[in-house]
Amino acid sequence: MKQEARHLVTNAVDSLILSVEHFNRPSDRGRPVAVLLMMGHAFEMLFKAAIIQRGGSITKTDRYQTLSLRECLRVATSQAGVRFISAEQADTVQVISDFRDAAQHYLLELSEQHLYVQMQAGFTLFRDIYQSVFDKELSAHLPERALPISTTAPADIEAVFASEAEEVRQLLRPGRRRRVSARAKLRGLAIVEGALSGEDSRLSDRQLNRYMTEMAGNKGWEEIFPGVAAIELTATGSGPSLDLRITKREGLPVRLVSADTPGASTVAVKRVDSLGYYTLGRNDLAKRLGLTGPKTSALIWHLNLKEDEDCFRRVSIGKSTFDRYSRHAVERMREALSTLEMSEVWAQYSTRPKGS
């Protein structure tokens, strides 16, 4: 491991463990803020370490400051040769980052269940990145008695969000209007919605007021927060080995925008447009890889690249359709060529069943 990355990773793990300790402390005084501050710092240090380890830079162009966590997220999801997380994984980090900012700079209220969901999902993702980038096990830093976050996960994330939405609605009822408390609690739901829908989750007062007006009316929370309503929990294991991931349900539409789109979220770095991202045809790939066209097709088939939206898209222009590939496809194919025998790939491709 590179020396600078090693120091950053040590800080990251220290902050993660502190966030776990604060979560499990018996006193509630200042607990949610401490948990969020330490978890946010843990991810910022981890991302900086991972970027450096993979050959990237964490220094801004003026050379006086390092990247913020938001800026690290852009690098981690999109920079060629550095990319180490998916957009869906980045959503989890962005929510934690925005929760940290809200708790640090103003007011944020989360239910115990919601705080648990975000922290357990964050712990799981931290461990995944730590293992995939540095090939190390997080358990080596935890005593056997440590119980990361909790022993059980909520069975239904919809019930968590529905409960929070109802609390906001009750706080806004005539005769007991508590707008400051309602706004602080609503901010958590709005942050998650922004991260999932590709919008900037740093909320203006106007946006929060609009949400409050809708919550005070008869509109259901699923209509107000469609992104939140379209996620689910994936939990495996139990006790200290519990994995909890926040995933989008199949069929959830993805908003594809460029990184510099005004009002876009940190991880809305996806695509300026289809042709602006998927810039390569098969023959372009062949030239870059030094392969023939047919052998390039064989490698595409072997790696199943057409099932990876970061690598492939079928683009329609008028009445015609074209198979287009991204620069990420080139990276994956070059990496594969360093370990594969193309003669074996070609043999398998030549004898594949028709239509596969």
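Nothing in this text is a laboratory measurement; each read-out follows from the coordinates by a stated rule. Fair warning: this is a prediction, and the values are worked out from it, not measured in the lab. We place every Cβ from the backbone using ideal geometry, glycine too, and count neighbours over all the protein chains shown.
Going by average Cβ density within 10 Å per residue, which order do the peptides 105-117, 209-221 take, highest to lowest? Write down the numbers at each step before the final one.
Details: 105-117: 17.6, 209-221: 14.8.
Output ranking for 105-117, 209-221: 105-117, 209-221.
Report, in listed order, any pair from K295/K354; K48/K136; K136/K287; K185/K219 with a Cα-Cα distance greater than 26 Å. Intermediate results must be reported in sequence, preceding the final value.
Numbers: K295/K354 17 Å; K48/K136 17 Å; K136/K287 37 Å; K185/K219 18 Å.
Correct reply: K136/K287.
Please work out the FRET efficiency for the pair E223 and T321, using the Cβ-Cβ distance as r and a Förster radius of 25 Å; give the result to the nearest 0.05.
Computed FRET efficiency for E223 and T321 comes out at 0.10.
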